[in-house]
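**Q** The structure is given below, and queries will be raised subsequently.
All of the numbers you see were taken from the coordinates with simple rules; none came from a lab. Source: prediction; values computed, not measured. Using ideal geometry, Cβ is built from the backbone for each residue, glycine included, and neighbour counts are taken over all protein chains shown.
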Amino acid sequence: MINIGVVKVLLLISIVFVPFSSQAKASPKFLFEKALQESNDGDFVQAEKDWSFYLNENPDDAAALSNRGNIRLALGDPEGAIKDQTMAIEISPEDLDPYLNRGIAEEALQLWEDASNDYKHVLKNNPKDVSALYNLGNVMGSLDNWIEAKTLFAQAASSNNAIAMARSSEALAIYQLGDLELAEKKIRLLILKYPLFADARAALSALLWSKGFTGEAESNWAAAAGLDIRYREKDWLLNIRRWPPKPTNDLIAFLALEER
């Protein structure tokens, strides 16, 4: 009698440890979809290997190059990502995704002008591209141009495909520019719609503390801290999340007092 449990385990092992020599017999479609699934699953090391294996046989596949570029960026190789995205653009210049993806990699290296040019190229062809509007807003913020950043975030936030982070970034830019009443109004509306949105809760904590409303600031911070502890880290706020300096400094000052 066959032991079904043993058969299942052996099948699993055979799939996990398929050598590249066996993959060479697989169809290009299978290899592409395998690498894509690994990318979506967050198995970046294996995905990079499989994209590379696929590209050895299909070097002019722009989509595969762009996908491998994204994986290389996720693995901490922005230079390799830029190279892949540039090759994808050379093969398929009408496709906008590689420009957007290259801009993200350029941002990782603080190549602000290069990133700006790539996002502007996307927007020239698709003025309502939310990702390009939002990312270009982040670039403008990194260049300390918060007026332009606010305009770009507002355009991203007004889109039918708007993301909550774009609305929060717009409010934070307004906060940076000194209009605390409007910033507070926008943040409260965001919390009303997304009560578990840590970014808005943390922003409201900083803003309320700056206005002297410590009790309500503490209440909102309790919610934010329970959702995402990274908001305690100044470097993360400024360089990863890309908050403006004023709300960042207000939040860090508030936390320093709270922890005494």
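**Q** With axes computed from alpha carbons, what is the tilt in degrees of helix 198-210 against the longest principal axis of the chain, rounded to the nearest 10 within 0 to 90?
**A** Here the helix axis deviates by roughly 20 degrees.
**Q** How large is the convex hull of the C-alpha atoms of the range 33-108 per residue, in Å³?
**A** On the way: hull volume 5.7 nm³, N = 76.
In the range 33-108, the Cα hull volume divided by residue count equals 74 Å³.
**Q** Would you mind counting up the charge near TYR54? Only other residues with Cβ under 9 Å from its Cβ, with Lys and Arg at +1 and Asp and Glu at -1.
**A** Working: positive: LYS34, ARG68; negative: ASP50, GLU57, ASP61.
Cβ neighbours under 9 Å give a net charge of -1.
**Q** Related question: Using the crude model of +1 on Lys and Arg Cβ and -1 on Asp and Glu Cβ, and no other charge, please compute the dipole size for the range 66-222 relative to its Cα centre, in debye to 20. Working shown, then result.
**A** Working: 15 positive and 22 negative charges, 123 e Å.
Magnitude of the dipole: close to 580 debye.
**Q** Let me ask something else about it. Quick one: which residues, 5 or more positions from ASP228 or on another chain, have an amide H under 5 Å from its amide H? H modelled 1.01 Å from N in the peptide plane, none for Pro or chain starts.
**A** Residues meeting the criterion, in which the H sits 1.01 Å from N, do not exist here.
**Q** Would you please give the FRET efficiency between GLN37 and ILE91, computed as 1/(1 + (r/R0)^6) with r the Cβ-Cβ distance and R0 = 35 Å, to the nearest 0.05? Mind showing how you got there, number by number?
**A** Numbers: r = 23 Å, r/R0 = 0.66.
The value I calculate is 0.90.
**Q** Using +1 at the C-beta of Lys and Arg and -1 at the C-beta of Asp and Glu, which of GLN85, LEU96, TRP243 has the Cα lying farthest in the positive direction of the dipole of the chain?
**A** Looking along the dipole axis, the top candidate is TRP243.
**Q** Rounded if a/c is under 1.5, else prolate if a/b beats b/c, else oblate: with a ≥ b ≥ c from the C-alpha gyration tensor eigenvalues square-rooted, which is the range 165-260?
**A** Values: a/c = 1.19, a/b = 1.15, b/c = 1.04.
Note, shape of the range 165-260 comes out rounded.
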